[in-house]
Amino acid sequence: MKARQPVLLRTARSLTANPSDAEDLLQTALTKTYVAWERIEDHRALDGYVRRALLNTRTSQWRKRKVDEFACDELPEPEHVPAGDDPAERQALHDAMWRAIMKLPARQRAMVVLRYYEDLSEAQTAEVLGVSVGTVKSAVSRALGKLRDDPELGIVR
């Protein structure tokens, strides 16, 4: 066992995600091998026997895993969640918004991202892009108009 432990432990680790569980699995398989020692005909094939014990033990553990399900009269459904709090809806809106922003011309897109995603002021946005504040105001206004008219964002209105 001492000579073959590293190899067998590697096999056990390939069957489990946790190294501690792999050590427990190997210990259990070695115990089963020891109990069955008299029934093993070819002691030169012990590695194969222990590997089979590892696999069978792991399969048994998997089948016996605890599942917490209880029958009840009422379903434990959460109270109605407002639409704005649903993570799936928020992600769908986020994706739709990015698709709409990607349709904007590059300059308008840059200004919208700097103003609303990076939370820069109009003056800071103008400074970063090397344009006047008036240019930022008019370009952002046009970009927001295009976003309002985007059919994909109609769900927000």
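The values are calculated or read from the model by the stated rules, or taken from the named source; none is laboratory data. Since the structure is predicted, the reported quantities are computational estimates derived from the model, not experimental observations. Virtual Cβ from ideal backbone geometry, glycine too; neighbours counted across all protein chains shown. The area values use the complete protein model at the heavy-atom level, side chains included, leaving out ligands, DNA and RNA. Shrake-Rupley method; radii C 1.70, N 1.55, O 1.52, S 1.80 Å.
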Hey, among the residues in the range 17-31 that are in contact (Cβ under 8 Å) with a residue 12 or more places away in the chain and among the aliphatic types (A, V, I, L, M), which one's most open to solvent (accessible area, probe 1.4 Å)? L30
Residue pairs meeting the criteria (Cβ under 6 Å; at least 6 apart or on separate chains; first open to solvent by 90 Å² or more (accessible area, probe 1.4 Å), in the range 77-101; second at pLDDT below 85 and in a helix (DSSP H, G or I)): E89/A83
For the range 102-117, how many residues meet the condition of being crowded, with 19+ Cβ neighbours inside 10 Å, part of a helix (DSSP H, G or I) and either in contact (Cβ under 8 Å) with a residue 40 or more places away in the chain or among the basic types (K, R) (or both)? 1
Output the residues belonging to the range 1-16 that are surrounded by fewer than 16 Cβ atoms within 10 Å (Cβ to Cβ) and among the basic types (K, R). K2, R4, R10
Residue count, the range 32-57 (criterion: exposed (fewer than 15 other Cβ atoms within 10 Å of the Cβ), part of a helix (DSSP H, G or I) and in contact with a helix residue (DSSP H, G or I) (Cβ under 9 Å, 6 or more places away or on another chain)): 5
The range 128-157 residues that are in contact (Cβ under 8 Å) with a residue 24 or more places away in the chain and within 16 Å of L114 (Cβ to Cβ), paired with ones that are open to solvent by less than 70 Å² (accessible area, probe 1.4 Å) and of a type in the set (S, T, Y) (beta carbon under 7 Å, 6 or more apart): V136/T125
